[in-house]
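> Here you go, one structure.
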Amino acid sequence: MQALLSVSFGELFLKGANRKTFFNNALSHIIANIKDIGYENTYVESAKLYITASEDKFGALIKEIEKVFGIAYIDEVYRVDKNLDDILEATKYVVNKNYTDKEYTFKSQTTRVDKSFEYDSPKLNHLVGDYLLDEFDNLSVDIHNPDFKVYIDIKSNAYVYSKRHKGLGGLPIGSSGEGLLLLSGGIDSPVAGFMMAKRGMKINAIHFHSYPFTSKQAHQKAEDLANLMSTYTGPLKFYSVNLSNIYKAIATNCPREETTILSRRFMMRISNEIADKYGYQAFVTGESLGQVASQTLESMSVIEDSAKFPILRPLVAIDKQDIVDLSKEIGTYDKSIEPYDDCCSIFAPDKPVTKPKLKYIERSEENLDIDRLVKEALDTIEIIKI
């Protein structure tokens, strides 16, 4: 009997012709996550990945595999020869190891991939159930709502297990194109990046700052958030752009209440140039409808007018508390609430326009040398590989 981890994949095995590519994306991410922990070997059998490793490393391995998108479950399995005696002995071992401290209900669940095996699934379930009831006085059967299940997979080998860990689901990174996340340093944008990555998008990040009006600590905070996100997204590029000249030009030449909308439109123009140059297909923002002045439908529409690429807003209909809860789950919340102002808060007007009209915003922009200001901002760009 050999202990292994098995990895079951979710939606990617519904994706037809792209299945192999998606699987390879997920596999490479798994290997990257676990290489420092150490494992012996991997192999694939009947749509599951099996990882051989020392059993004392299973906890650490599972923790890292759980961060990979596209995975439905990670199971702690025992591989045995495909005969009834070895299968029964393995089920006894699993129960003895995990379920002897109190009374439990259980169910046996067989998946018979190898149809030549002498017992069909209902018969094997019956044999396993009877055997375990005879061996353990603390067990009883409940086929509808058991405390645990004993799984038996019949393939070229037999696999027996009960310990199942839920994966993140979603699609493997890179299976849904590549996008550019506008990473502010707050709570929302890292969550938005996580959610798009879960749908298979490869995420890169752009951060706008206004040093020396904002601090170096604020910039480092955004970079740290990108590092935290990379645990899930894999390696990414972090683009840092200074908007101080743009904010000064807006303050000198435009109505103060339009500062937020005008600066957001500049962010889109700069992002257009970067997306064009590096081949990104969409922008991702942490906007949630009605949360702040720049996130009304009117404001979103005026800002989107300046973008050449789709703007994806995965948080648009999610309550703030739910966003906060998810940021805690993915480990970005504590960093996000560090008290360093970003350029959006430093230059935010006391009474921002909440229902801007495009024609009035464009009229204000006539007072600005847009092409020059965009070029100057792009000249400040710093690219950090994370």
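> Could you list, in sequence order, the residues of segment 309-323 that are closer than 16 Å to residue 197 by Cα and in a helix (DSSP H, G or I)?
Once the filter is applied, which keeps residues that are closer than 16 Å to residue 197 by Cα and in a helix (DSSP H, G or I), segment 309-323 yields only 323.
> Another question, if that's okay. Working only within segment 81-107, note down all residues that are in contact with a Phe, Trp or Tyr (Cβ under 8 Å, 6 or more places away or on another chain) and closer than 21 Å to residue 53 by Cα.
90, 91, 93, 94, 98
> Let me ask something additional. Tell me which residues, restricted to segment 254-306, are of a type outside the set (A, V, I, L, M, F, W, C), closer than 19 Å to residue 185 by Cα and without any contact (Cβ under 8 Å) to a residue 24 or more places away in the chain.
Once the filter is applied, which keeps residues that are of a type outside the set (A, V, I, L, M, F, W, C), closer than 19 Å to residue 185 by Cα and without any contact (Cβ under 8 Å) to a residue 24 or more places away in the chain, segment 254-306 yields only 295.
> Please work out if residue 284 is assigned by TED's automatic domain parsing to the domain that holds residue 231, within 25 Å of the chain's Cα centre (by Cα), surrounded by 14 or more Cβ atoms within 10 Å (Cβ to Cβ) and under 20 Å from residue 230 (Cα atoms).
The answer is yes for residue 284.
> Evaluate the following for residue 200: is it at positive phi and either among the charged types (D, E, K, R) or touching a Ser or Thr at 6+ places or on another chain (Cβ under 9 Å) (or both)?
When the stated conditions are applied, residue 200 passes them.
> Looking at segment 326-377, which of its residues are farther than 30 Å from residue 232 by Cα, at pLDDT 95 or above and among the basic types (Lys, Arg)?
Matches in segment 326-377: 357, 359, 363, 372, 375.
The values are calculated or read from the model by the stated rules, or taken from the named source; none is laboratory data. Worth saying up front: this structure is predicted, and the values here are computed from it rather than measured. Virtual Cβ from ideal backbone geometry, glycine too; neighbours counted across all protein chains shown.
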